[in-house]
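The values are calculated or read from the model by the stated rules, or taken from the named source; none is laboratory data. All figures in this text were calculated on a predicted structure; none of them were measured in a lab. Glycine also receives a Cβ, built like all others from the backbone with ideal geometry; neighbour counts cover every protein chain displayed. To get the accessible areas, we keep the full protein, side chains included, count just its heavy atoms, and leave off ligands, DNA and RNA. Shrake-Rupley method; radii C 1.70, N 1.55, O 1.52, S 1.80 Å.
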Amino acid sequence: ILNETNNGCCLFLGGFRDLDGEDNNDTDDACRNVHDIEEFIGQLDNTHVAKICLNNLDESTVAELVAKSYNLQPQECAQVSAAVYGRTLGNPFYVQQCLDTLQRTKAIEFNLLEGRWKWDMKQILANTSVAENVAYYVVQKIKSMPPHVLRLIQLASCLGFFVDMTLLEKVYTSPILLSLVSEGDQIESNKIDSPSASTFEKAVLVAEEERLLEKVGRALKFPHDRIHQATYEQIQGDCRMIHYELGCFLCEVYGETSKSPFILLAAAQMNRGGCECVTSDSVRLHLMRLNLEASHVAQKRSAGGLAGELLSKGVDLVKEEDWMNNDVYSLALELHKLLADTKATMGEFEKSNTCISTVLERARQPEDTVDVLAVKGRIFNFQLDDQNCIDLYCKALEIIGIKMIPNPSWARARLEILKTLRQTRGWSDNELLSLTPIVDKKIKKAMKLLTQLTMFSFGGCQPLMVSCSCKLAQLSLKYGSCAQTAFAFSSFASCVGAMERLQDSHRLADIAIEFFDPDRSDTSAVFYIYGCCSHFKLPLSASLEPCLLGYRKSVESGNLPNAGFSLTCYVDVYAMCGLPVGPFLSDLSKFMGQMKVLGQENELGFLAINWQLSHIVSSEYSAQALTWERMADQDLFHSRESIKEYRSGIHNIVLLYIRLFTAGLFNDMPTLCVTYDQLMRFSSGEKSFFGTYFGRYFVVILDGIHGFNLYERTRRPKYRRAALKAIRWFRRHVSLNTVPFQQLLEARKAALSKRNKREKVKALYDTAIVSLTRSGFAHMAGIANEMAGKYMMMSHSDKFWAKEYIVRALDLHEEWGATAKVAELKRRYPFLLMDGSPAATTSLQGSRLRGRPRFDSVNKGVTDASSPQLAIDTSSTRS
């Protein structure tokens, strides 16, 4: 459902029963489940969750229900309804069961002579008072069933609430299982029909008529969990042995491999049998292997909780002597390693650490500890302990023969880039794309560990991240391809791009994109390919859907760092493209809640900045809104302690650039000047963000535009030098998405020179505006229109063209959802807008960008904009 691109919205409905105070053998466990559900609901965004409580029926409603059941007036059957209500307390299910019981015992029956329902109040009162609890009526109905029907529903109750009909028929008609539930219920075997398909069909029909079972497609289900529970409780034999025998039967008939359709059910049945059914070592080992195989199936279905339960059962069966037995050692080791991994992914670190300690103590050789060392490293990463995480991963890599320095210098990292780059230049594109699959299991494991270490060292030690990217590329060239190869080339392409080797970076990015397979490649590749590489050759908006897919798959697989990176990439692309702000704000609120739950503080900071930006442009501008204190007051972070981390490094630079953008957008020159001076103190390396990451476009375009703005206002050479540097950067870094920004800066530069004629400057602005609009950068196109309008008004007093450009800017900002900017334009230019807003003379509106289809439309527009045949529509313009 979530991966279906045609689904714009999704509605989930769920129900549960509050079990407090109910008479139920499983009440404690059930109540814990209910409390877990309520806790989960409490963590969700309350604006998107509606909780509806359905209480029992009151006495008057029960009276009306009873009356309508017998086609009477409520006052005519007041005594009956009072007796029913007194026994059931208005529970709708038990009201129905009570009435069925009264009819079955002839306490209520239809009088054919009088043509109406009649009842015997003495018999009714006797029936309702004899019940020890409200489940009495269900139990009486079950006990009254014929033997062959009783056996059917009892077998079904053992198999679950929903039961496949084909499976139930096999179990029901099996001679081996004939006496499983009959002997305990004192049903003589000669009274049970011989197990045949016809007997099964008859039993199913009777069960359906009595509303004990319901058909749902090719499955049967119990109409109510109380019927399921009561049926199961009527089995008086050894239920554990019944479950064990059912599990053995499923294994024998359907097999014990992952291809078996009922392997999860078989494992569950045998596990319910308990230790008492494990009578020998062969049975114990069989059950251990079955749980291991079933856990693989559960993991593939993203059922981490179920996988953890199966692995826990398997681990509980491991004995001390198994670690000394050559035949069982590998099985015990695998169960402990997978359980440690599963529990760590679920956040149950204490249980995971217990398994890790067991493996570290019992492992026969260092290679057996590699996986648990990596799991321990992941736990440290979850707990924001980057250094311990890095140390453990480096130790694990060293065990399998890959030497990594935990804290390399930048000089060493740059040397690694140059060394690896020389190696890649020795390979043609066809040779790289024809790499043979890696056979060596140690190298496969090393590639996986290096990929994880690359992601984990992003925040803790960036030189190590670069070194890991280089090592991944080197191993791919030496040994071949695997699931991590797309990540290897994309991360290395990002490092090469950061060193201004754009031609090599573009080439490696293309190769990474060719290697990438959403179903086979490591999910970590999503962030690097669509965050750092794809924008060289694809429209920026093309990264949105893959990044969301990467986020979902990363969360499912427990790769939380990559989940955060992919989500940050999605948010930054969305903000950069200038797509509608309204849905973006709603999505950001949900994503921030998820990041809080997952404990991803680093990504939460970036999301909060983008949320504040969207809030400002869509509501009201405030120079003080983009401060860490103001955002902390709005409860956007875990706590105010987070601000200390955000004040230094990348988060603060991002905040300053967003503040620069909003100050320029709303013509707040004092804030603009102060913020620009603050940013000029940072070096180019510090402002590179993620190497070739598209965020660099945003940095350079703002340096250029506002450098020219401040130079025009102050005539200080430093501002002009910064702006010219931005133009030179765009000239060096030509790609699909950089051309419109370069054109805008060229137009702004030309507008500052009095030697340039009006027609030339206007043509440059028109070129930039068309490119920005067709490339999907609607908000930047709005800014460009306003710049052109100012130029025409201030330099040439041309109100006609000034009005045309300002009206276009108004339309584009309105489509962007920037309500505050629209209001600011109307306040700033009332003399241009007071006589109405005529339609723009060139069709530059971005209405195609609305809704989900916007991505295809934008991509097509960008493709058109980058085509050599593109011609600017100036036929209706006035020169």
Whether segment 214-296 is rounded, prolate or oblate, judged on the alpha carbon gyration tensor where a/c under 1.5 counts as rounded: oblate
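Once you have the Cα-Cα distance between Gln423 and Asp517, take 0.36 nm times their residue separation minus that, and quote the gain in nm to one decimal. Walk me through the numbers on the way to the answer.
Working: separation 94, 0.36 × 94 = 33.84 nm, distance 2.47 nm.
Difference between extended and current length: 31.4 nm.
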Which shape class, rounded, prolate or oblate, goes with segment 730-777 when its Cα gyration tensor gives a ≥ b ≥ c as root eigenvalues, a/c under 1.5 marks rounded, and past that a/b bigger than b/c marks prolate? oblate
Which order, highest average first, do 268-279, 739-750 follow once you tally other Cβ atoms within 10 Å for each residue and take the mean per peptide? 739-750, 268-279
Just the Cα atoms of segment 715-846: what Rg and Dmax do they give in Å? 14.9, 45
Ala411 to Lys259: FRET efficiency via 1/(1 + (r/R0)^6), r the Cβ-Cβ distance, R0 41 Å, to the nearest 0.05? 0.15
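Leaving out ligands, DNA and RNA, what percent of the accessible area of segment 579-624 is carbon and sulfur, probe 1.4 Å?
Working: 830 of 1510 Å².
On segment 579-624, the fraction of accessible area on carbon and sulfur atoms equals 55 percent.
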Using modelled amide H (1.01 Å from N, peptide plane; none on Pro or chain starts), what sits under 5 Å from the amide H of Trp117, excluding residues fewer than 5 places away? Asn111
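Given charges of +1 on the Cβ of Lys and Arg and -1 on the Cβ of Asp and Glu, with all other atoms neutral, how large is the dipole of segment 55-105 about its Cα centre, in debye to the nearest 20? Spell out each step's value before the answer.
Values: 3 positive and 5 negative charges, 35 e Å.
That gives a dipole near 160 debye.
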Ordering of 307-314, 251-258 by burial proxy (mean other Cβ atoms within 10 Å per residue, highest first): 307-314, 251-258
Over the alpha-carbon set of segment 545-587, work out the extent along each principal axis and list the three values in angstrom, largest first. 31, 17, 14
Taking the Cα atoms of segment 361-490, report the difference between the largest and smallest coordinate on each principal axis, in whole Å and largest first. 47, 33, 20
With θ set to phi - 60°, apply the Karplus curve 6.51 cos²θ - 1.76 cosθ + 1.60 along segment 441-456 and write out the HN-Hα couplings as whole Hz, x wherever there is a Gly or Pro. 5, 5, 5, 4, 5, 4, 4, 5, 5, 5, 4, 5, 5, 4, 5, 5
Surface per residue (accessible, 1.4 Å probe) for segment 304-378, Å²: 46
Would you calculate the separation in nanometres between label points at Thr819 and His296, each defined as 7 Å from the Cα along the Cα-to-beta-carbon direction? 5.6
Consider a paramagnetic label point 7 Å from the Cα of Asp587 along Cα→Cβ; state which residues of segment 609-623 have an amide N under 13 Å from it. 611
Which peptide among 109-120, 566-577, 216-227 comes first, and what is the full order, when sorted by highest mean count of other Cβ atoms within 10 Å? 566-577, 216-227, 109-120
Spin-label pair Glu350/Phe800, simplified geometry with 7 Å Cα→Cβ offset, distance in nm: 7.9
